[in-house]
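Comments concern the structure below.
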């Protein structure tokens, strides 16, 4: 089993995945809050608690968009698993050609998304990750990463709206039953959720116009569950797209370095301290 760690702006996602043919099956998943400033020992204890009972891991892969947390969580994972995790970089072998002027500035989560999309879905493809930001990645038919779009995330926009408008309340997210709201909360929910779905549909259509061809659209990210029922463009929904990409990149890197497989190890709660 491969442990994948996605260090995001809001949460750190962990998954255990096992290879099944050409796919990766998710055996477990967990999340913890992204808290800059926490010590490595604190992260190690929390990760150990989340992984307790999960079994043994042959390796780990990590992507991060929070540089301050990369090293502490990398070292915590190495201490627990007995093997250093693969850290995704633009210089690594992703199976993609990064056809952008500054590949080192591309978010590493975006590369993991794009790598799995290029491996597992028809091309050209567009991935849309709906989290703190709404991020589009475009991969053409020759497995070239062409760039994409970054827009404010659904919840990020709502937070900004309620912070600036004195009479607008905080609201729980849900899939709106209709677009025309009959009260403030319904209006805000429709604007946020249906508005994001319209954003996805509209920008995907414009991407298709620029490419001159239809695309395979894949939605992922923590907020996709609210948006994808309202998207009109044909699409797939893969909540674990990024984690499958990380597991795929770990396997790809392992195959490039022939030799004895990393032992990994089973571990127990005594290692939490």
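Table: residues versus (1) in contact (Cβ under 8 Å) with a residue 24 or more places away in the chain; (2) closer than 29 Å to residue 60 by Cα; (3) in contact with a strand residue (DSSP E or B) (Cβ under 8 Å, 6 or more places away or on another chain); (4) loosely packed, with under 14 Cβ neighbours inside 10 Å.
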| residue | (1), (2), (3), (4) |
| --- | --- |
| 83 | yes, yes, yes, no |
| 97 | yes, yes, yes, no |
| 116 | yes, yes, no, no |
| 155 | yes, no, no, no |
| 161 | yes, no, no, no |
| 169 | no, no, no, yes |
For segment 142-153, how many residues are surrounded by fewer than 17 Cβ atoms within 10 Å (Cβ to Cβ) and in contact (Cβ under 8 Å) with a residue 60 or more places away in the chain? 0
State whether one or more residues within segment 30-48 are surrounded by 22 or more Cβ atoms within 10 Å (Cβ to Cβ) and touching a residue at least 60 places away in the same chain (Cβ under 8 Å). no
Exactly one condition in (1) out of contact with any helix residue (DSSP H, G or I) (no Cβ under 9 Å at 6 or more places or on another chain); (2) surrounded by fewer than 23 Cβ atoms within 10 Å (Cβ to Cβ) is false for residue 91; which is it? (1)
State all residues of segment 65-109 that are within 19 Å of the chain's Cα centre (by Cα) and on the phi > 0 side of the Ramachandran plot; if no residue qualifies, say none. 95
One residue is enough: does segment 57-71 have a residue meeting the conditions in contact (Cβ under 8 Å) with a residue 40 or more places away in the chain, part of a helix (DSSP H, G or I) and surrounded by 14 or more Cβ atoms within 10 Å (Cβ to Cβ)? yes
Of all residues in segment 219-241, how many are buried (at least 23 other Cβ atoms within 10 Å of the Cβ) and either outside the structural domain of residue 140 (by TED's automatic domain parsing) or closer than 19 Å to residue 13 by Cα (or both)? 5
Only one of (1) more than 27 Å from residue 124 (Cβ to Cβ); (2) surrounded by fewer than 20 Cβ atoms within 10 Å (Cβ to Cβ); (3) touching a strand residue (DSSP E or B) at 6+ places or on another chain (Cβ under 8 Å) does not apply to residue 79, and that is (3)
Answer with yes or no whether residue 191 is in the same structural domain as residue 215 (by TED's automatic domain parsing) and under 30 Å from residue 105 (Cβ atoms). no
Matching option when the condition is at pLDDT 95 or above, in a loop (DSSP other than H, G, I, E, B) and on the phi < 0 side of the Ramachandran plot, among 176, 229: 176
Condition (residue is closer than 30 Å to residue 40 by Cβ and part of a loop (DSSP other than H, G, I, E, B)) applied to segment 121-128: is it met by at least one residue? no
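Conditions tested, residue by residue: (1) modelled with pLDDT of 90 or more; (2) outside any loop (DSSP other than H, G, I, E, B); (3) touching a strand residue (DSSP E or B) at 6+ places or on another chain (Cβ under 6 Å).
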| residue | (1), (2), (3) |
| --- | --- |
| 9 | no, no, no |
| 12 | yes, yes, yes |
| 15 | yes, yes, yes |
| 26 | yes, yes, yes |
| 30 | yes, yes, yes |
| 44 | no, yes, no |
| 94 | yes, no, no |
| 100 | yes, no, yes |
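The values are calculated or read from the model by the stated rules, or taken from the named source; none is laboratory data. Computed from a predicted model, the values in this text were never measured in an experiment. Reconstructed Cβ throughout: ideal geometry from the backbone, glycine too, with neighbour counts over all protein chains shown.
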